[in-house]
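The values are calculated or read from the model by the stated rules, or taken from the named source; none is laboratory data. Keep in mind the model is a prediction, meaning the values are calculated, not measured. Virtual Cβ from ideal backbone geometry, glycine too; neighbours counted across all protein chains shown. These accessible areas exclude ligands, DNA and RNA; they are computed on the full protein's heavy atoms, side chains included. Shrake-Rupley method; radii C 1.70, N 1.55, O 1.52, S 1.80 Å.
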Amino acid sequence: MDLAQRKRKIHESFEARYGVAPSCWVRAPGRVDLMGSHTDYNEGFVMTLSIDRDTWIAAAPRQDDRVHVESMNLEGECEFSTRDILHQRSEHWPMYVQGVAHVLQSEGFPISPCDALVHGTVPVRGGLSSSASLEAATAVLLEELGGFQLEKLRMAVACQRAENEVVGMNCGILDQYSSILGASDSAVLLDCRHLTHEYVQFPADLRVVICNTCAPRQLTGSEYGDRRAACEQGVRVLKEISETVVALRDVTIDDLDRYEQKLSPVVARRCRFIIEENDRVHALAAAFLQNDRDAVERLSRQSFEGARDLYEISVPAMDAMIAAMRNATGVVGARQAGAGFGGCMLAFVDADQVEDFIAGAASVYEKNTQIVPQIFPVETAPGAGRVEEVLR
Ligand code: GLA
């Protein structure tokens, strides 16, 4: 389905539901992190790409005080009064919408009543930030309808607050920043301490191919919080090195080698992964600039091995997918994406061999797991904004 067809389909569905035509169209992309797993909440670096899998929202103003949101691809609906946004707490996707509305209102922005319809193409719970793309699209929608303008970084932080404080997921800034400040045609090298970024040109002869393990992903467990806690525990000890150590970002591998005995083996493994992964983000940026495929291969392999053996966020389906990706035609490098524990992984693939790669990786993975994966290439896409920006 091309974008014009997609817009028509949403328009028709909107009219059928609400009896009027939508007057406002916004979108926000998902993201894939190319390097830098779990570095964001350690005030480190991430190389991230905003992708052409995204969330669109069409909307029309209402005359009463209510916001009503339905979705073409997700169960349930969202309805609240702008005078008491969190009166009824929802369990699933509506909470992201309510969360953003609540945070923006608490920061003094007017929330405009509307009817809205969501259409998303980011795989849900797959590690490509479907939730952040819904949050970012909601923020842009409220901005458009409310007639105010939010500085982009402020919008990203507001969306992160919604997720931390209202949804209750203690995520870092990566997902929301990528969805709002991402750019077409380049990767973003994000500095999670200073909340700044630089663009890094992605090699023209490489493609990013998403390999969704389609194995159930359980991040609602305590794993994410446990990893964060282990890093914080490490920092409490490693502060002895110098008073300038406030996060793992400030610790070098030599420091860690010297202080390792003071940490429990688990905490030491977690810290080692983060410190090495931070370095790999810069190394990947250099590899892209020099179009050094050997380095892309090595860094991706080291990142996955660290994720599996040190940070322990791989699961059998991911191990099976990495084997399938590494053996497929055209592969340059392969690693995890998102938080791990299932969901999507990614491969850097020679641009001329994408189809062969997909066929090869899919058949090996399916044969070894009896799970049918979803494997598809992605393109870069601009950060959150009006739909017309991508229709041009
Ligand atoms: C999830 C979180 C992000 C980040 C990644 C891991 O996507 O939402 O903040 O921590 O995991 O890099």
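For the stretch 54-78, filtering for residues that are open to solvent by 70 Å² or more (accessible area, probe 1.4 Å) and not in a loop (DSSP other than H, G, I, E, B) leaves 3.
Name the one entry in Ala4, Ala21, Ala16 that is closer than 16 Å to Asn73 by Cα and away from the ligand (no atom under 16 Å from the Cβ). Spell out how you get there, then give the answer.
Details: Ala4 fails: closer than 16 Å to Asn73 by Cα; Ala21 fails: closer than 16 Å to Asn73 by Cα.
Being closer than 16 Å to Asn73 by Cα and away from the ligand (no atom under 16 Å from the Cβ) holds for just one of Ala4, Ala21, Ala16, which is Ala16.
With respect to the stated conditions, Ile322 is free of Cβ contacts under 8 Å to residues at least 40 places away in the same chain and either surrounded by 21 or more Cβ atoms within 10 Å (Cβ to Cβ) or on the phi > 0 side of the Ramachandran plot (or both).
Considering only the stretch 251-274, state which residues are of a type in the set (A, V, I, L, M) and surrounded by fewer than 22 Cβ atoms within 10 Å (Cβ to Cβ).
Those that are of a type in the set (A, V, I, L, M) and surrounded by fewer than 22 Cβ atoms within 10 Å (Cβ to Cβ): Ile253, Leu256, Leu263, Val266, Val267, Ala268.
Here Ser112 meets the list (1) buried (at least 18 other Cβ atoms within 10 Å of the Cβ); (2) in a loop (DSSP other than H, G, I, E, B); (3) within 16 Å of the chain's Cα centre (by Cα) almost entirely, failing just condition (3).
Here Tyr41 meets the list (1) hydroxyl-bearing (Ser, Thr, Tyr); (2) surrounded by 19 or more Cβ atoms within 10 Å (Cβ to Cβ); (3) away from the ligand (no atom under 14 Å from the Cβ) almost entirely, failing just condition (3). Taking the criterion of being farther than 19 Å from Gly385 by Cα and polar (S, T, N, Q), the residues of the stretch 156-172 that qualify are Asn164, Asn170.
Could you list, in sequence order, all residues of the stretch 290-319 that are open to solvent by 20 Å² or more (accessible area, probe 1.4 Å), in a helix (DSSP H, G or I) and out of contact with any Gly (no Cβ under 6 Å at 6 or more places or on another chain)?
Gln290, Arg293, Asp294, Arg298, Arg301, Gln302, Glu305, Arg308, Asp309, Pro316, Asp319
Considering Ala156, Ala183, Ala187, the condition of being closer than 23 Å to Gly44 by Cβ, surrounded by fewer than 18 Cβ atoms within 10 Å (Cβ to Cβ) and of a type in the set (A, V, I, L, M) is satisfied by Ala183 alone.
Among the residues of the stretch 236-250, are any surrounded by fewer than 17 Cβ atoms within 10 Å (Cβ to Cβ) and touching an Asp or Glu at 6+ places or on another chain (Cβ under 7 Å)? So far as the stretch 236-250 goes, yes, one or more of its residues are surrounded by fewer than 17 Cβ atoms within 10 Å (Cβ to Cβ) and touching an Asp or Glu at 6+ places or on another chain (Cβ under 7 Å). Scanning the stretch 20-38 for residues that are part of a loop (DSSP other than H, G, I, E, B), over 30 Å from Leu310 (Cβ atoms) and open to solvent by less than 10 Å² (accessible area, probe 1.4 Å) yields no hits at all.
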